[in-house]
Structure formats: C-alpha cells, structure tokens
Ligand code: GLV
Ligand code: GLV
C-alpha cells in the first residue's frame, strides 16, 4: 500500500479515510508549517502529498521525493504549486474548489461592511472607554445601497460576491481577463473594489500604483484572494496620500504580516490573518475534497478536482 505525507492537521475527520483505505499516513502535527528541509526529508518515501499554501511544491521537491504522483493542495488557490513542473514529471495536482466559495464570499462582504461602517475603530471606542454618548455626527461611514462594487475576476467566488451585492442593492461591475468592464474603467467607477483573481504571473501586482491612482479617493479595496495581487508598497503610499479611502485585507504580502509592518501603520487599513475559508463546515469539506484527490490519485484514477495545465 502507499504512503501519504500530510503537512498539517487538516480538520473535520476525513483524513481518517487514508489509513482506512490501507495506506500509511504520516502527519506533521505541529501548529507551525513544516520547514522546507524537514518536508523534503519526511516526504522522501511518499506516494502522495496533502499540502497547503504554506508549502512550496516545485521541481526541487518533486525530484527529492520522486515517488510522489499526487499533490492534493488544501485550498482553491494553488500558486504555491509549480503545476508545470508537476505535470512534466507525471504528477497530478488537485485543489478544493466550490466548497469554500460561500465562506470566502461571506468574508469579502464582512470586510466590505467592516470598512464601510468603520467597525474596528468604533469597537475600539467602546473597549478603550472613550464612548461618551450617542453622537449625531460621529463615526459616519458609507452606505452600501446605491454604491458601486467592482469585482475583479468573476469566477465562482466573484459571482458569489456579486449575488450578495445584489441583496445589498449595490451596483455591480464585473471585470475579468475575458471580458466585462475593463479594469481601468472598473477602478475609476467603483466605490468598493473586491479582488477575486488567482495569483498568476499575469495578476501579480495587478493593483499597482497606477491602478490605485485610478481609484476614487473614497474607494475601499477588499482583498480575499492573494496578497501579491496588490503591490504592498504602492498601497501603503496610496493610503497615506489619501489616494484611496481604505483597504480591508484578508491576505497580504508578506504573509504573515509582522505586527510592526508599515502597512499596519497606514490609515484606514484592516487586516485579517487569511481566514476566508475558515468556518468549521467549510474547512472540513476542504479536507474531504483533498482526501478524495489523494485516494483517487493513489488508485490510479483521475483526480476529482484536478488542476488544469497552466496556459502557455
Ligand atoms: C485559501 O486561500 C485557498 O486558496 O483556498
Ligand atoms: C474560485 O473558486 C473562483 O473561481 O473564484
């Protein structure tokens, strides 16, 4: 029977299906991600790898662990996996789409609302004992109804955000590389801009200084996709200059963001620790999909959620 190396304690119980199918399972039990050298060592004899965005899977790793035929990434994004290098070695790569669409769209909306209504600073007023009295002209935020939300990347998650926006009576502009509203126009017209593209060479720093300059000085940028889609230095400069109204980020570059990072000292910024899919049910379903990919790969079957070959 085969050996599976599992890089984290993935929640929900589905991991038990691996030993139940007769395979040997080796789990990295620590809370912190496995370091590179230990990963290369521990996965040396593995036939399949169940990993996530904190694990870099590239040609070097696959050459050091030559038995691996299946890489099941826990997450919908797979920019941590060099898919071309895997396919060139006959290694199938899988991800966990669909099950996290609603949770991630919910979190995008939570960020949008929190920034629009200034929740973090309002809560601080209460917890720090600065709440004097109801204040007619205090803590004024922004309305969602009637505001324009620009959705960059209208895949599954972008579409789910658009459905939520309809319920809040927002106007929606959708822009993708294949059509919709062109990005410059979307940035110029939107009161809120939410990013839902995968991280690829084409989307790295898609939101750079020039893109931020196009946004309204009141606009709020929401990122639940991947940190490097935004040029962090340009974002810090734009926030200080008042070129945009604020940023609400579940993902950052670097990640994790150190507490003394200048982004956290910029005005009107709200940062969460990459929790887009972090609900009990969703994280459990992601484990089910990843384990399904592992078991199919070990059985010599196509992965139920295979990642396609990168476009040349
Ligand atoms: C998490 O960020 C994911 O890609 O699922
Ligand atoms: C991810 O599931 C996307 O297509 O947006």
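The values are calculated or read from the model by the stated rules, or taken from the named source; none is laboratory data. As the structure is a computational prediction, the values presented were derived from the model and not from experiment. All Cβ positions, even for glycine, are placed from backbone atoms using ideal geometry, and neighbour counts span all protein chains on display.
Candidates in the range 232-273 are the residues that are within 15 Å of ligand 1 (Cβ to nearest atom) and touching a residue at least 60 places away in the same chain (Cβ under 8 Å); of these, the one that is surrounded by the fewest Cβ atoms within 10 Å (Cβ to Cβ) is 272. Checking the stated criteria, residue 221 turns out not to satisfy the condition of being part of a strand (DSSP E or B), over 18 Å from residue 151 (Cα atoms) and in contact with a helix residue (DSSP H, G or I) (Cβ under 8 Å, 6 or more places away or on another chain). Somewhere in the range 59-74, is a residue surrounded by fewer than 19 Cβ atoms within 10 Å (Cβ to Cβ), closer than 28 Å to residue 271 by Cα and at pLDDT 95 or above? No: the range 59-74 contains no residue that is surrounded by fewer than 19 Cβ atoms within 10 Å (Cβ to Cβ), closer than 28 Å to residue 271 by Cα and at pLDDT 95 or above.
Return yes when residue 224 is closer than 19 Å to residue 264 by Cα and crowded, with 17+ Cβ neighbours inside 10 Å and no when it is not. When the stated conditions are applied, residue 224 passes them.
Residues in the range 80-93 that are closer than 21 Å to residue 286 by Cα, touching a helix residue (DSSP H, G or I) at 6+ places or on another chain (Cβ under 8 Å) and in a loop (DSSP other than H, G, I, E, B) were compared, and the one that is farthest from ligand 2 (Cβ to nearest atom) is 91. Among the residues of the range 265-283, are any at pLDDT 95 or above, farther than 22 Å from residue 101 by Cα and in a helix (DSSP H, G or I)? Checked the range 265-283: at least one residue is at pLDDT 95 or above, farther than 22 Å from residue 101 by Cα and in a helix (DSSP H, G or I).
The listed residues are 167, 158, 175, 146, and the only one of them that is buried (at least 21 other Cβ atoms within 10 Å of the Cβ) and either more than 15 Å from ligand 2 (Cβ to nearest atom) or more than 21 Å from residue 213 (Cα to Cα) (or both) turns out to be 158. When the range 138-171 is limited to residues that are within 23 Å of the chain's Cα centre (by Cα) and in a loop (DSSP other than H, G, I, E, B), the one that is nearest to residue 224 (Cα to Cα) turns out to be 153. Has the range 123-131 got at least one residue that is within 16 Å of ligand 1 (Cβ to nearest atom), modelled with pLDDT of 95 or more and farther than 27 Å from residue 62 by Cβ? No: the range 123-131 contains no residue that is within 16 Å of ligand 1 (Cβ to nearest atom), modelled with pLDDT of 95 or more and farther than 27 Å from residue 62 by Cβ. In summary, residue 204 fulfils each of the numbered conditions (1) part of a loop (DSSP other than H, G, I, E, B); (2) surrounded by 22 or more Cβ atoms within 10 Å (Cβ to Cβ); (3) without any contact (Cβ under 8 Å) to a residue 40 or more places away in the chain with the single exception of condition (2).
Summed over the range 295-312, residues that are closer than 13 Å to residue 96 by Cα and over 21 Å from the mean Cα position of the chain (by Cα) total 2. Scanning the range 40-66 for residues that are more than 16 Å from ligand 2 (Cβ to nearest atom), in a loop (DSSP other than H, G, I, E, B) and either under 23 Å from the mean Cα position of the chain (by Cα) or touching a residue at least 24 places away in the same chain (Cβ under 8 Å) (or both) yields 43, 45, 46, 47, 54, 55, 56, 58, 65. Residue 174 meets all of the listed conditions (1) outside any loop (DSSP other than H, G, I, E, B); (2) under 17 Å from residue 112 (Cα atoms); (3) within 16 Å of ligand 1 (Cβ to nearest atom) but one, namely (3). For the range 94-106, residues that are near ligand 1 (Cβ under 8 Å from one of its atoms) and part of a loop (DSSP other than H, G, I, E, B) total 3.
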